[in-house]
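S.K.: Encoded as structure tokens, here's the structure I'll be asking about.
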Amino acid sequence: MEFVLPNLPYSSNALEPYIDTITMEIHHQRHHGTYLANLKAALEKYPDWASKEFEFILANIQQLPEDIRTAVRNNGGGHWNHSFFWPLMTPNSTKQPVGKLAEAIQKTFGGFEAFQEKFTQAALGRFGSGWAWLVWKDGQLVVGSTPNQDNPLMDISEFKGKPILGLDVWEHAYYLKYQNRRADYIKAWWNVVNWEQAEANFLAAQRA
Ligand code: MN
């Protein structure tokens, strides 16, 4: 994941009617674009840091120079989270987990519906802006959430692990279509989850 805005792996209207076109365009170009621009501006002041692996930077937020620490936490998190999020959606969702991840979800949560309920509660229960996550931690699947643009790779995160699935629950992700109805957005989002990408993330997390 470099410091560039990734293209969406589908057209901006591809996730209709679940995620509307205008939201996708503003979310990707303006919100994600701004996080990236702000991240680059912060790192520009410290070339030694700018040359490090992105995930190393996120895992060492506390070591960053104080004057860019908050900017990198917020905007670096914003860039990583959104870059991770876009490929986790597809207009051709299998609607169900696949492969080894499906087996692990069955084993850990007792079934897909029980997992969906737990993840949905994490997404609904995150007060204000943040993300819901499924991570791999200490050989286990774990569901949780983070505030703002924090993510489970960060040393300062209250919830840690290797991300497998993530859901943006900032209002900018759903307000145009769903207004204050976060539950309706989450319910719709399940229709566009890219389970093949989630499984690839799962396999990569186990190798790491
Ligand atoms: Mn967002």
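The values are calculated or read from the model by the stated rules, or taken from the named source; none is laboratory data. Here the structure is a predicted model, which means the values were calculated and not measured. For neighbour counting, all protein chains shown are included, and Cβ atoms are generated from backbone atoms with ideal geometry for every residue, glycine included. When the accessible area is computed, the model is the full protein with side chains, heavy atoms only, and any ligands, DNA or RNA have been set aside. Shrake-Rupley method; radii C 1.70, N 1.55, O 1.52, S 1.80 Å.
S.K.: What shape does segment 21-88 take by its C-alpha gyration tensor, where a ≥ b ≥ c are the square roots of the eigenvalues and a/c under 1.5 counts as rounded, a/b above b/c as prolate, and the rest as oblate?
M.R.: Judged from the Cα gyration tensor, segment 21-88 comes out prolate (a/c at least 1.5, a/b above b/c).
S.K.: Mind checking the log10 I(q)/I(0) for the chain at q = 0.12, 0.15 Å⁻¹? Debye, one equal scatterer per Cα, no solvent, two decimals.
M.R.: For the requested q values the scattering log ratios are -0.60, -0.95.
S.K.: Let me ask another. Need one number: convex hull volume per residue for segment 24-137, Cα atoms only, in Å³.
M.R.: Details: hull volume 16.3 nm³, N = 114.
Per residue, the Cα convex hull of segment 24-137 comes to 143 Å³.
S.K.: Principal axis extents for segment 99-207, Cα atoms only, whole Å, descending order, please.
M.R.: Result, largest extent first: 38, 31, 21 Å.
S.K.: If amide hydrogens are placed 1.01 Å from N in the peptide plane, which non-local residues have theirs closer than 5 Å to the one on residue 130?
M.R.: Residues meeting the amide H criterion: 148, 169, 170.
S.K.: In segment 115-208, which chymotrypsin sites (Phe, Trp or Tyr not before Pro) are in a loop and have at most 11 other Cβ atoms within 10 Å, using DSSP for the loop call? It would help to have the intermediate numbers written out before the result.
M.R.: Values: sites: 115, 119, 127, 131, 133, 136, 159, 170, 174, 175, 178, 185, 189, 190, 195, 202; in loops: 127, 159, 170, 174.
Loop-located and lightly packed - 127.
S.K.: Next question, about the same structure. If the only charges are +1 at each Lys and Arg Cβ and -1 at each Asp and Glu Cβ, what is the size of the charge dipole of the chain around the Cα centre, to the nearest 20 debye? Write down the numbers at each step before the final one.
M.R.: Values: 19 positive and 22 negative charges, 58 e Å.
For this selection, approximately 280 debye.
S.K.: For segment 21-88, with every protein chain kept in place, what is the accessible area per residue (1.4 Å probe, Å²)? Before the final figure, lay out each step's value.
M.R.: Working: 3170 Å² over 68 residues.
I get 47 Å² per residue for segment 21-88.
S.K.: Give me the tail of P(r) for segment 76-129 as a percent: Cα-Cα pairs with distance above 17 Å. Show your work: numbers first, answer last.
M.R.: Values: 806 of 1431 pairs.
Taking all Cα-Cα pairs of segment 76-129, the fraction more than 17 Å apart is 56 percent.
S.K.: Cut-off 10 angstrom, C-alpha nodes, Gaussian network model of the chain. Which of 32, 172, 82 fluctuates the most?
M.R.: Judging by the Gaussian network model, the answer is 172.
S.K.: Same structure, new question: Roughly how tilted is helix 112-125, in degrees to the nearest 10 and between 0 and 90, from the longest Cα axis of the chain?
M.R.: Tilt relative to the chain: about 40 degrees.
S.K.: While we're here: Report, in deg cm²/dmol and to the nearest 500, the calculated mean residue ellipticity at 222 nm for the chain, where each DSSP H run with n ≥ 4 adds -39500 (n - 2.57) and the sum is divided by the residue count.
M.R.: Details: 11 runs with 91 residues, N = 208.
Mean residue ellipticity, 222 nm, calculated: -12000 deg cm²/dmol.
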